[in-house]
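Below you'll find the structure, written out as structure tokens, and then a few comments.
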Amino acid sequence: MEIKEFEKILLNIAVCAISCDGHIDDLEIKELHLINEKSPYFSQTNLTTSLNNSIAIAMDSYFTFENSVFNELNKYRLSVPQELTILEISMALIAADNEI
């Protein structure tokens, strides 16, 4: 899987993680931006534009967005480091607003 494809999937999974409770807290957005600044996970992605687009779609219909993300994810065979990265980002974002 190319880096750009993985970054897109990772960002959409991150949006699923921050929007799954029906509310996107500013702390979750700040955490995602911190992750972006301190790590290479989104190096080829314009995070702000992509994040805003994904959030808009997720908030319009979370279940449709979630199904779309997981259908896309099922098309790929992820490596163990990629799977662990997804878990790391998801857990950090889920815990960011202290509402798990």
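The set of residues from the stretch 58-100 being open to solvent by 90 Å² or more (accessible area, probe 1.4 Å), within 21 Å of ASP26 (Cα to Cα) and not in a helix (DSSP H, G or I) comprises ASN98, GLU99, ILE100. Taking first residues from the stretch 12-40 that are charged (D, E, K, R) and partners that are not in a helix (DSSP H, G or I), the Cβ contacts under 8 Å between residues at least 6 apart in sequence or on separate chains come to ASP21/GLU99; ASP25/ASP97; ASP25/GLU99; GLU28/ASP97.
Pull up the stretch 1-11, narrow it to residues that are open to solvent by 30 Å² or more (accessible area, probe 1.4 Å) and not hydrophobic (A, V, I, L, M, F, W, C), then point me to the one that is farthest from GLU99 (Cα to Cα). Of everything passing the filter in the stretch 1-11, GLU2 is farthest from GLU99 (Cα to Cα). Residues considered: LYS8, LYS4. Of these, the only one that is assigned to a helix (DSSP H, G or I), basic (Lys, Arg) and within 20 Å of LEU87 (Cβ to Cβ) is LYS8.
So that you can scan it fast, the table gives a plain yes or no per residue for (1) open to solvent by 60 Å² or more (accessible area, probe 1.4 Å); (2) part of a helix (DSSP H, G or I); (3) farther than 15 Å from LEU93 by Cβ:
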residue: ILE13; (1), (2), (3): no, yes, no
residue: HIS23; (1), (2), (3): yes, no, no
residue: GLU37; (1), (2), (3): yes, yes, no
residue: SER54; (1), (2), (3): no, yes, no
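Among the residues of this structure, ILE29 counts as one that is over 22 Å from ASN71 (Cβ atoms), among the hydrophobic types (A, V, I, L, M, F, W, C) and in a helix (DSSP H, G or I). All of TYR76, TYR41 fail the test of being under 12 Å from the mean Cα position of the chain (by Cα) and aromatic (Phe, Trp, Tyr), apart from TYR41.
The values are calculated or read from the model by the stated rules, or taken from the named source; none is laboratory data. The structure presented is a predicted model; accordingly, all values stated were derived computationally and were not measured. FYI the Cβ positions are ideal-geometry reconstructions off the backbone, even for glycines, and counts take in every protein chain you see. Side chains are part of the model used for accessible areas, which takes the heavy atoms of the whole protein and leaves out ligands, DNA and RNA. Shrake-Rupley method; radii C 1.70, N 1.55, O 1.52, S 1.80 Å.
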